[in-house]
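Just so it is clear, none of the values below were taken in a lab; they were calculated from the coordinates. Keep in mind that what you see is a predicted model, and the values were worked out from it rather than measured. In this analysis, Cβ positions are derived from the backbone assuming ideal geometry, glycine residues included, and neighbour counts consider all displayed protein chains.
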Amino acid sequence: RSSVPVEVHGPANSGYLNSVKAIMGGEIHNVALKSDGTVWAWGWNAFGQLGNGTTNDSWTPTQVGLTANPPLTNVTKLGVRPYFTLAVKADGSIWAWGMNQFGQMGNGTVTPFSSPPVSVPGMVTNSWPGGPINSPRQVTCGYQFGAALLTNGTVWTWGSGTHGELGQGVVTTSYYPAQIFGLTNITAISAGWFHILA
């Protein structure tokens, strides 16, 4: 513990973590996005939330998705909450890792955890040669669900909806992303533990 701020050490306890352009905290892990598009995480890892293919805790940053196929690179945005993380790549694809007991990966699976990162399918359906038209503007995580805001102003959710957090009008679980109908022209979203705001 430290009662004053301390600088985060670099990988393998060498130097310090630098060139960070975004950082987010989970329940008991942290995730940083570097300017080169790589993602680094440290802390508790019981649900694979460090995304390094293990469930071993790490006291210093470890690269996320280095063992994924393909490796997680070219990341532009992060969404982190309790025990899992979402990331958006430059090509508009969404990737997830960590706790998956409630379908938080959005890929139809339900397992204790998913590590390394897996692709969340189903939202970017319209594209042109320059890239996806409706790529994610923002991603956010609740306790047992994920959400994405697309550039066309629509919001998509997946995972557990036992408290109505999926916005589908029913109390159920969705293992794949589903659009919240009637919600348009949205500019920002933010998930809480069991709810979401737009």
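If r is the Cβ-Cβ distance from Glu7 to Asp91 and R0 is 25 Å, what FRET efficiency results, to the nearest 0.05?
The computed FRET efficiency comes out at 0.15.
Work out the FRET efficiency for Thr187 and Ala22 from their Cβ-Cβ distance, taking R0 = 22 Å, and round it to the nearest 0.05.
The value I calculate is 0.70.
Once phi is turned into θ = phi - 60°, what whole-Hz ³J(HN,Hα) does the Karplus curve with 6.51, -1.76 and 1.60 give for every residue of segment 162-167, x standing for Gly and Pro?
Working through the residues one at a time gives 5, 10, x, 5, 7, x Hz.
Can you give the relative contact order of segment 140-198 as a percent, counting alpha carbon pairs under 8 Å and 6+ residues apart?
In percent, rounded to a whole number, it is 37.
With +1 on each Lys and Arg Cβ and -1 on each Asp and Glu Cβ, and nothing else charged, work out how big the dipole of the chain is about its Cα centre, in Debye to the nearest 20.
Dipole magnitude for the chain comes out near 180 debye.
Where a ≥ b ≥ c are the square roots of the eigenvalues of the C-alpha gyration tensor, would you call segment 62-198 rounded, which needs a/c under 1.5, or, failing that, prolate if a/b is larger than b/c, or oblate?
Since a/c reaches 1.5 but b/c is at least a/b, the shape of segment 62-198 is classed as oblate.
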